[in-house]
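Since every read-out is calculated from the coordinates, none of them should be taken as a lab result. The structure presented is a predicted model; accordingly, all values stated were derived computationally and were not measured. Methodologically, a virtual Cβ is constructed for each residue, glycine included, from the backbone with ideal geometry; neighbour enumeration extends over all protein chains shown.
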Amino acid sequence: MKKKTHIFVMTITVLAICLTACSQKNKKETYGEYGKGSSDILQEEIKIDERADSVYFLGEIVEAFELRGEAVPHHILNYELTDAKLYSSPEEAAIQREQMVNASFYNLPSGDGEIVYKDVAEFSLLVCDINIKNIDAEYLNIAALSLIYMDPDSKETKCITDPCYFSKSISIAEPDNSDYFHYELSKGNSMDAKVAWAVDTDVYDKNNFYLCTSYGGDESVVKYIKLDL
């Protein structure tokens, strides 16, 4: 099947101020601090229209832009989600626990919005395979992509949690390092990466997960990728 190419625009301010989209309203500077106990999870009354042009699907190529100069769109990255699967454990997903963020002390909002503290092994692991091509990006951070859940009734969305694993991290051996979500990729080159999130499938329906770029930003530039697990 011929792949479609889609375009979304990411404002440079969103990329520059966030280590993770889920932590946009958190005033702390490092992911390590956030992962070790902050309850300030971003939750927005943003709704998804599944028929809209802003919703894409696995296998589609998305061209990412940022605004430069006088709000002129500039092509910086290509993303392609090539696979998305749920696993019962890091071992089943072939992920080393020592390379996971806060693997023994992980925070996750329960269904009523409260924060619970459990070992990441108590949750399912959602692993996404993503191909990334650097067109002309200077700032490279996988946190530009967020894991979003859509309530099936209200269609409202919320950011579930930060990633707990990124295979191409520049500090993969030190997962609590504030640089964990940064990566290196020369302009013109591509790479395949795995990104994982801990999710509670007893609370959240697996059919309503999305990846999202610029979550919490101007709705005109926010795009969603339906995971279809």
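Mind ordering 178-190, 56-68 by average Cβ neighbours within 10 Å, highest first? Mind showing how you got there, number by number?
Working: 178-190: 15.2, 56-68: 17.3.
Averaged packing, sorted descending, gives the order 56-68, 178-190.
If R0 is taken as 25 Å, the Cβ-Cβ distance between VAL203 and ARG97 corresponds to a FRET efficiency of 0.65. Evaluate E = 1/(1 + (r/R0)^6) for ASP192 and SER154, where r is the Cβ-Cβ distance and R0 equals 22 Å; express this FRET efficiency to the nearest 0.05. Computed FRET efficiency for ASP192 and SER154 comes out at 0.05. Net length available on complete extension from TYR139 to ASP228 is 29.1 nm, with 0.36 nm assigned per residue and the Cα-Cα distance removed.
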